[in-house]
Each structure stands twice: as structure tokens, then as C-alpha cells.
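As C-alpha cells, the structure follows; a few thoughts come after it.
The values are calculated or read from the model by the stated rules, or taken from the named source; none is laboratory data. Computed from a predicted model, the values in this text were never measured in an experiment. Heads up, the Cβs are rebuilt from the backbone with ideal geometry, glycines too, and the neighbour counts pull from every protein chain shown. Quick note on the areas: whole protein, heavy atoms, side chains included, nothing else; ligands and nucleic acids left out. Shrake-Rupley method; radii C 1.70, N 1.55, O 1.52, S 1.80 Å.
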Amino acid sequence: MPSPQPHVLDPLLETLPLRYPGPGGALAVLKDGSLLAARCWGFADAEKRVPFTRETLFLICSITKQFTCALLLDQFPDPTVLQPDLQATVAHCPAPLPGILDLCHNQSGFRDYWALAMLCGADVESPFGPKDARRLIGATRSLQFSPGTRYSYANQNFRVLADLIAARRGEPFERLLRERIFDPVGMPHARLNPDTSSVPGGTIGYEGSQATGFRPAVNRIHWTGDAGIAASLEDLIAWERHIDATRDAADGLYRRLSAPTRYRDGAPAFYGFGLGHMSVGRHAATGHGGGLRGWRSFRLYAPAERVSIVVLFNHMADPRAAALEIFSALVDEPAPAVAPAPVPQALTGRFLDSETGLAVRVEAATEGQARLYFGANPEPLGVSGAGELKGAQTRIHRVGSAVRMERVRENLHSALKPCTGAASPDIEGRFHCAELDATLTVTLAGGVPYGAFSGFLGEGSMQALVPFGEDVWLLPCARALDYDAPGDWTLRVLRNPGGSIGHLQVGCWLARGLEFRRLS
């Protein structure tokens, strides 16, 4: 790849704030460890007219995870020495327990605690502190899959790692980050900022859009090793320079972080040590995004090309899409034109996933395109030449008369069972989950079923249930404590031999397989 000049990027970078509009943002592009471009625009606080600069502190959210793992590897070359400490943290969790590396690779089997908080009645803008986190994590009494066999995002994996590191070393996590990572790398502004309600310097994250208007986002949750770092663009430029400068060092932290990982069955995993492994066209890269209401970030490093890109938005536009646009322009690799093919009707409709018990919806969208509703966000799917639907994560195809879904990154290969018929209205009642000590109340209001969760975090607001199929309902959850809301909770009715409802199986992609027993 020839070394591009800054002027090659100028037209793209000048129009990027118009194509991703919002209060403010920043980006940096590096090649061979040198800065090709750095841009800041708009305002860190639009009301007070505080400009967004290269020194503006920004909540980088889940980009934190790689720094937590970097500190883990720095302090414990063999992280498994912390296994007894993990066992004490989740003392009620049955064997086999996940290993320390399962936490690093999001293969633990834990359900995401931000999703579980919504089942415990959390209000979207309510406080969520360390005591709440310890209660949810300590209450773990089951896993959603056997450790090391699947991938599922669970923020507390990295919160637990941070706590274990600090406890074993007898020093605050923040001080260890400063002494072992931030100062050696040259990140003077970076700091642990666990209280998401404010940021030093006053940077504000904004909800809304240009069409609906922007408003300051209210966040009052407490993060640590999962998403608690605040950093400036200058700090992240220093991190990218450090990555490139140490790329050939056998003991380099980023080289160790980005080493290939696998599942227990030997299948390659796309995620490890707080980093996602991705393909951008023909190019391999590692990176991660971050998100909280009002805050979006993304960074990537392509080792063969020695290209780094960082994008920060203090609003809800998509920084990953912006970063990939910039990367494609750098490597001069336009997206190939593909003639659209009709979406196979046999692959669309409503299904239940045989392994997770979750509702799956596949809808035709534009010509030659479909949309999958299963994970945290809708996934676009295209029609392949083999009459299959394929997306960045998913392949849906037929084997004989059966429809199958493969999500290779998650090591999930399952049958999709058609979900037809009408949902019965006898779902009204109260249902209790012993593991969470949480209650789901379903009531008919004017003949329409509404449901809400309640627990130690409060009383959730009533939402109209959506009928999905026979004995399957959806309970929408479009906003949550975290940026990635659960979406639709699948409520799967399981009946007693006489036909009455015995319990519900409740779940979403982030937290599945929870049993709610009927009380009344």
C-alpha cells in the first residue's frame, strides 16, 4: 500500500461532520505511526459553546476493555493465577466455572449485567452503583452456555477482571492504569472516570438526532474495567503510536492482546482480550467500539497496512461506519457493485432459535436485502449466489426443508423453527425469577396485555406486549442503562400438562434462558 498524503483524505474528512451530524466530534488517522490527519469540530458542550479539541476528555466506554486486559497481562503474565479469586466472586455459580481467559474473550457464559438490571426494574436514567453491580454479579447461579463454547458480550467480565487485579495487587485500579499503562504510553489526560454523570472539562454526550433535535443524555451508572476510561484524542493518538512502535516486540502488550483466540472445540474466535478481530474488505484489523447514551467511539488498527483510525462522536451517529469509510478511502478499495437478487421467501418470517430459545425475525427490506432481528441491533443481510442470506455475522440457509442460522463469530449453529399461530392472552399474571429475585407483571389494560419487570432496582414502566407466535410474546426494551439496550425480550410460555402456564422462559441476546415461575 503506498503512503497516502493528507490531501487524499481532505475531501472525505471535510464532509464527514455533515454526513454524521451532531454537536461535535474528533478523528485521527495514522500511517506507519505518523499522524496523517487529526480533525476536531463542533462543541464538547453546545449549550456553553465549549469547543471540541484534541485535549477534550471523552468517555471511550467499551474501548476501556483492551486497557483492562493490557493491565492484566502486564501484572499477571499467567492470568489463570486469579482463578481462585474469581471463584470467590461468583461463589454461587455452579461448576464448571468460567476461566479467567473466558472472561477476557467474552466466552464466560455470564449474562450481561446491564441487561439483567432491566429485569430487576431499573429505570433508564436511574443510578447504578458498585453495590448494585456486586449484588447482580454475586447472585449468579446459572450460565447461559457452557464456558468457552460460545461468544456473548458481558460487560461484567471486565469489571470483575479490574476488581480482581486491584484486590490481588492491593492498589486502586486507577493507579495501576496510570503507572503501568497511561504514563508509559504517554496518555497524560486519560483517567478512570467511573461516574458517567459528568466528565472533567464538562464534555456532554447528546441523545437525539438532527431531525428530532439534540438533548443532553442523562447517565448515572458506574463503570470500571468494563467501560470506565475517559481519554482525549491526543491520548488515543499516543496509544495508536505505541501500538505501531511495539508491533514487532515479542512481549509487546498489543501484540499479546491481539493474538488469535479459540473456543474449546478449536474453532477460531473473533474476539479476545477486549479486542474484536475484523475484516475490512481484504484487510485484517483489530479494534473495538464504545457506546453510552450520547457517546460513541471506535478505533481500529490494520497491522499489515500499519493504519490506525480513531473516531469520537458526542452524539449517537455511527463511528464505526465513519472509520470504515476512511479506511476504504486510504486503501483505495471501493465496495464492489453487486446486482441484487430476490430475497428467498422461505428464509423470511418468524422463527424460534432452537438453542437460545429467542425470537428470530427475518424481513425483506430493499431489493436484494433483508434484515435480521436477533442480536442487540438489526443486522442487514444480502442474498448470496447460493440463495442464502449473509451478513457481517450471520448466514441463514436451508438444509433440506429446515432453515438454519450460523453465527460463526459466536460459534452458534442452530435450527430456526417457524413460529406461527396466535399468542394466547392467558399470559396475564405475575411471574418470579428466583435467581434475580425479580418479578414480571403482565396485566390486561383495555384488553391489551402490558408487562413490566420489578426488583431491587425499582419498578419498570409498563410496555405493550407484542404477539409473536403461539405461546411467544415480545416485551420491548428500546432504551436501557447501557447504550446497547436488550431490544425485545422474548417471553416464551411453557405450559403444565393440563394446559395452564407453568413458567416463562425470558431472554434476549445479552441475557437468555432465565426462568420466571408463575405466582398468580
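Could you go through the range 49-57 and let me know if any residue there is touching a helix residue (DSSP H, G or I) at 6+ places or on another chain (Cβ under 7 Å), of a type outside the set (D, E), open to solvent by less than 10 Å² (accessible area, probe 1.4 Å) and touching a residue at least 24 places away in the same chain (Cβ under 8 Å).
Scanning the range 49-57 turns up no residue that is touching a helix residue (DSSP H, G or I) at 6+ places or on another chain (Cβ under 7 Å), of a type outside the set (D, E), open to solvent by less than 10 Å² (accessible area, probe 1.4 Å) and touching a residue at least 24 places away in the same chain (Cβ under 8 Å).
Being more than 29 Å from A245 (Cα to Cα), open to solvent by 50 Å² or more (accessible area, probe 1.4 Å) and assigned to a helix (DSSP H, G or I), is that true of even one residue in the range 62-82?
Yes, the range 62-82 has at least one match.
Looking for whichever is closer than 30 Å to D471 by Cβ and aliphatic (A, V, I, L, M) here; the options are A317, A376. Which one fits?
A376
Just to be sure before I move on: is E174 part of a helix (DSSP H, G or I) and either at pLDDT below 95 or within 28 Å of M316 (Cα to Cα) (or both) in the structure I sent?
So E174 fits the description; yes.
Check A44 against each of (1) assigned to a strand (DSSP E or B); (2) more than 29 Å from R306 (Cα to Cα); (3) in contact with a His (Cβ under 9 Å, 6 or more places away or on another chain); (4) of a type outside the set (F, W, Y) and name the one condition it does not meet.
(3)
Of the conditions (1) out of contact with any strand residue (DSSP E or B) (no Cβ under 7 Å at 6 or more places or on another chain); (2) buried (at least 17 other Cβ atoms within 10 Å of the Cβ); (3) under 25 Å from G252 (Cα atoms), A329 satisfies every one except a single condition; which number is it?
(3)
Whether any residue in the range 464-479 is open to solvent by 10 Å² or more (accessible area, probe 1.4 Å), touching a strand residue (DSSP E or B) at 6+ places or on another chain (Cβ under 8 Å) and more than 20 Å from A359 (Cβ to Cβ) is what I want to check.
no
Restricting to the range 152-186, name every residue that is among the aromatic types (F, W, Y) and buried (at least 21 other Cβ atoms within 10 Å of the Cβ).
Within the range 152-186, F158, F173, F182 qualify.
With (1) more than 20 Å from the chain's Cα centre (by Cα); (2) open to solvent by 20 Å² or more (accessible area, probe 1.4 Å) as the list, and C93 as the residue in question, which single condition is left unmet?
Only one criterion in (1) more than 20 Å from the chain's Cα centre (by Cα); (2) open to solvent by 20 Å² or more (accessible area, probe 1.4 Å) is unmet by C93, namely (2).
Any residue at all in the range 195-206 that is part of a strand (DSSP E or B), over 29 Å from R135 (Cβ atoms) and free of Cβ contacts under 8 Å to residues at least 60 places away in the same chain?
No, that holds for no residue.
Given the criteria touching a Ser or Thr at 6+ places or on another chain (Cβ under 6 Å), assigned to a loop (DSSP other than H, G, I, E, B) and either farther than 30 Å from S454 by Cα or open to solvent by less than 10 Å² (accessible area, probe 1.4 Å) (or both), does G148 qualify?
When the stated conditions are applied, G148 does not pass them.
For L494, indicate whether it is open to solvent by less than 60 Å² (accessible area, probe 1.4 Å), part of a strand (DSSP E or B) and under 25 Å from P378 (Cβ atoms). Explain how you work it out, then say what you get.
On the way: open to solvent by less than 60 Å² (accessible area, probe 1.4 Å): yes; part of a strand (DSSP E or B): yes; under 25 Å from P378 (Cβ atoms): no.
Against the criterion (open to solvent by less than 60 Å² (accessible area, probe 1.4 Å), part of a strand (DSSP E or B) and under 25 Å from P378 (Cβ atoms)), L494 does not qualify.
Can you pull out every residue in the range 435-458 that is open to solvent by 70 Å² or more (accessible area, probe 1.4 Å) and in contact with a strand residue (DSSP E or B) (Cβ under 7 Å, 6 or more places away or on another chain)?
Once the filter is applied, which keeps residues that are open to solvent by 70 Å² or more (accessible area, probe 1.4 Å) and in contact with a strand residue (DSSP E or B) (Cβ under 7 Å, 6 or more places away or on another chain), the range 435-458 yields D437, Y450.
Out of R255, R241, I need the residue that is of a type outside the set (S, T, Y), closer than 15 Å to Q66 by Cα, outside any strand (DSSP E or B) and open to solvent by 10 Å² or more (accessible area, probe 1.4 Å). Which one?
Within the list R255, R241, the selection yields R255.
Before we move on, is P425 at pLDDT below 95 and either closer than 24 Å to C477 by Cβ or of a type in the set (K, R) (or both)?
Working: at pLDDT below 95: yes; either closer than 24 Å to C477 by Cβ or of a type in the set (K, R) (or both): yes.
So P425 passes the test.
Exactly one of these conditions fails for S308: (1) open to solvent by less than 10 Å² (accessible area, probe 1.4 Å); (2) under 21 Å from A217 (Cβ atoms); (3) in a strand (DSSP E or B). Give me its number.
Evaluating S308 over (1) open to solvent by less than 10 Å² (accessible area, probe 1.4 Å); (2) under 21 Å from A217 (Cβ atoms); (3) in a strand (DSSP E or B) leaves (2) as the failure.
Scan the range 399-434 residue by residue and report those that are more than 23 Å from W509 (Cα to Cα), open to solvent by 20 Å² or more (accessible area, probe 1.4 Å) and in a strand (DSSP E or B).
Result: V399, R430.
Checking L233 against (1) in contact (Cβ under 8 Å) with a residue 40 or more places away in the chain; (2) buried (at least 19 other Cβ atoms within 10 Å of the Cβ); (3) out of contact with any Cys (no Cβ under 8 Å at 6 or more places or on another chain); (4) not β-branched (V, I, T): exactly one of these is not met. Which one?
Going through the list (1) in contact (Cβ under 8 Å) with a residue 40 or more places away in the chain; (2) buried (at least 19 other Cβ atoms within 10 Å of the Cβ); (3) out of contact with any Cys (no Cβ under 8 Å at 6 or more places or on another chain); (4) not β-branched (V, I, T), L233 breaks only (3).
Cβ contacts < 9 Å: first residue farther than 14 Å from P77 by Cβ, restricted to the range 245-259; second residue open to solvent by less than 80 Å² (accessible area, probe 1.4 Å) and of a type in the set (F, W, Y), any location; separation 6+ or different chain. Result?
T246/Y254; R247/Y254; R247/Y301; Y254/W239; Y254/Y301; S258/F273; S258/Y301
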